[in-house]
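See below for the structure under consideration.
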Amino acid sequence: MAVNEEPAWRNTPMSRTNANPTADGITWHAMAVDDVVKRLATDLGKGLDATEAASRLRKHGPNRLPEGKKRGPFMRFLSQFNNILVYVLLGAGFIKLMLNLWVDAAIIFGVVILNALLGFIQEGKAEKALESIRNMLSAEARTLRDGEARMIPAKELVPGDIVLLESGDKIPADLRLADAKNLRTEEAALTGESVPADKSTEAVSANATVGDRECMAFSGTMVVSGRATGVVVATGSETELGRINQLLAGVSALETPLLRQIKKFGYAITAVIAVVGALVFAYGKWVKGMDFVELFQAVVGIAVSVIPEGLPAIITITLAIGVQRMAQRNAIIRRLPAVETLGSVSKIVSTRGRNAEETQRFNARGATSFRTSRSSC
C-alpha cells in the first residue's frame, strides 16, 4: 500500500556526492521505488558506473559480515586448562613432584594434557568446518554496471547497485525491490517462517516488521521462484542479517550446567582438602607431637587421595563421543560442553503470530514439562 505521510528525508536533497544510503532512521520499505532511486543516486536501467561503485566501496567497505577475533592455536590450547578441577589436579601434580613421586606426577599431568588435547582437537575441527561453510556462502551477484549486466563478487556490492534476481539465487544484500514477477523468497533465517514469502514492489508501513516488508529482499535469504530487480540499500553489517550478527556478538558467554557443576565440585573438593588437612596437621602437631616433615607428607597424601585424577579425562572422553555422534547427524559442535546443554533440551518453543497471553501460556506449559522431565531423569 502507498504511504501518504511526507517522509522526513525529503527535506534533504540528495546527489551522488552527499548520498548516505545507510543513514540511521531511513525506512526503505516505506519509500516509493522512484524515491529510493533518487535517494541512492542510481539508475534502474544502467546501474552505477565503475568510478562511483569504487568510491562507494571505499566509503562503505566490502559487503561481508565482520569476522570475530580469532584465538591462535596456543591460546586455544591454554583455554582448555581454564577449569577449577584442572587447577586442583595441577596443584596435586606439583606437590607429587616436590615429594619425588615421579610416577604419580606423570599420571596426573598425563591426564590433564590428554584432557586439553581432546578439547583442542575438537575445537580445531569445528573451526575448520565453520570456515568451510563461510567459503560456501561466498557468492557472486548479477548486477548492472555501466549499463551492462555482469557477474561480480558479492563482497563488491555497494548501496545503489542494481541486482537482478531469479529462481535459486541467494540474495547478496538487502534490496528494495523495483520490479518483481511472481517472486517468492525463503526467509526462515530471519523470520522463522517455513513458508516462502510473496514479494511485491509496493511500499508498506514504516512500522512494518521484517516479515511484513513485502517490498524488501534480505541478505542471506533465497529466491524460491520468480524473477526480480532490486536496489541495494544496505550491505555488510548494515543488513538485517548483519544486525543479528551484531546482537549475537554482544551476547555474554554463559556457563553450561555441566561446567557449573564441575566448578562447584572443584570448590567443594578444595574446601574439603583444606579443612581435613588443617585438622590432621593440628591433631598430629599438638596432640601427637609428630615431626613436621612426616605430618606434611601425611596431609599431602590425604589431599592427593581425595582428588579424582581420572574425572576430567572421563568427562572429556564422554563429551567427545557425544560430539562425534552429533557430527554423524551433520551438527557442528565447537566446544565440548555444548553437547551436554543440547542433551538437556526437551522442548524448543518458537512462536510467531500469537498474542502475548497465548504465548506466555504456551511457554509456561513447556517450562513446567521441562522441569518435570529433568526431575524424573
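The values are calculated or read from the model by the stated rules, or taken from the named source; none is laboratory data. Please read all numbers here as calculations on a predicted model, not as lab measurements. Neighbour counts are summed over all protein chains in view; Cβ atoms, including those assigned to glycine, are modelled from backbone coordinates with ideal geometry.
Put simply, of G277, G236 the only residue that is at pLDDT 80 or above, more than 30 Å from K170 (Cα to Cα) and surrounded by 17 or more Cβ atoms within 10 Å (Cβ to Cβ) is G277. Taking the residues in region 206-223 that are surrounded by fewer than 21 Cβ atoms within 10 Å (Cβ to Cβ) and of a type in the set (A, V, I, L, M, F, W, C) as candidates, determine which candidate is nearest to L157 (Cα to Cα). Selected residue: M222.
For region 320-339, residues that are touching an Asp or Glu at 6+ places or on another chain (Cβ under 7 Å) and either farther than 22 Å from L89 by Cα or part of a helix (DSSP H, G or I) (or both) total 1. Of all residues in region 102-122, those that are more than 14 Å from F81 (Cβ to Cβ) have Cβ atoms under 8 Å from Cβ atoms of residues that are of a type outside the set (D, E, K, R) and in a helix (DSSP H, G or I), 6 or more apart or on another chain, in D104/V304; A105/G93; A105/F94; A105/L97; Q122/A320; Q122/V323.
So is A178 in contact with a Leu (Cβ under 9 Å, 6 or more places away or on another chain), aliphatic (A, V, I, L, M) and modelled with pLDDT under 90 or not? It is false that A178 is in contact with a Leu (Cβ under 9 Å, 6 or more places away or on another chain), aliphatic (A, V, I, L, M) and modelled with pLDDT under 90. Restricted to region 174-190, and to residues there that are assigned to a strand (DSSP E or B) and among the small types (G, A, S), the residue that is farthest from A30 (Cα to Cα) is A180.
Of the set (1) at pLDDT below 70; (2) outside any helix (DSSP H, G or I), all apply to F370 but (2). The single condition from (1) surrounded by fewer than 20 Cβ atoms within 10 Å (Cβ to Cβ); (2) not in a helix (DSSP H, G or I) that V158 fails is (1). Here A303 meets each of (1) under 22 Å from the mean Cα position of the chain (by Cα); (2) of a type outside the set (S, T, Y); (3) surrounded by 13 or more Cβ atoms within 10 Å (Cβ to Cβ); (4) outside any loop (DSSP other than H, G, I, E, B) with one exception, condition (1). Among the residues of region 342-356, are any among the hydroxyl-bearing types (S, T, Y) and either assigned to a helix (DSSP H, G or I) or modelled with pLDDT of 75 or more (or both)? Looking through region 342-356, none of the residues is among the hydroxyl-bearing types (S, T, Y) and either assigned to a helix (DSSP H, G or I) or modelled with pLDDT of 75 or more (or both). Right, G277: without any contact (Cβ under 8 Å) to a residue 40 or more places away in the chain, in the same structural domain as R335 (by TED's automatic domain parsing) and of a type outside the set (A, V, I, L, M, F, W, C) or not? Judged against the criteria, G277 is a match. Write out, first by first residue and then by second, each pair whose Cβ atoms fall under 7 Å of each other, whose residues are 6+ apart or on separate chains, and whose first residue, in region 254-274, is closer than 17 Å to S344 by Cβ while the second is not in a helix (DSSP H, G or I). The qualifying pairs are T256/P337; P257/S344; L258/P337; L259/P337; I262/N83.
Could you figure out which of (1) touching a helix residue (DSSP H, G or I) at 6+ places or on another chain (Cβ under 9 Å); (2) closer than 30 Å to A303 by Cβ; (3) among the polar types (S, T, N, Q) isn't true of S219? The number of the failed condition is (2). Given the criteria of a type outside the set (D, E, K, R) and outside the structural domain of A53 (by TED's automatic domain parsing), does A234 qualify? In short, no. Just give me the residues in region 254-293 being more than 53 Å from the chain's Cα centre (by Cα) and assigned to a helix (DSSP H, G or I), in sequence order. Matches in region 254-293: Y283, G284, K285, W286, V287, F292, V293.
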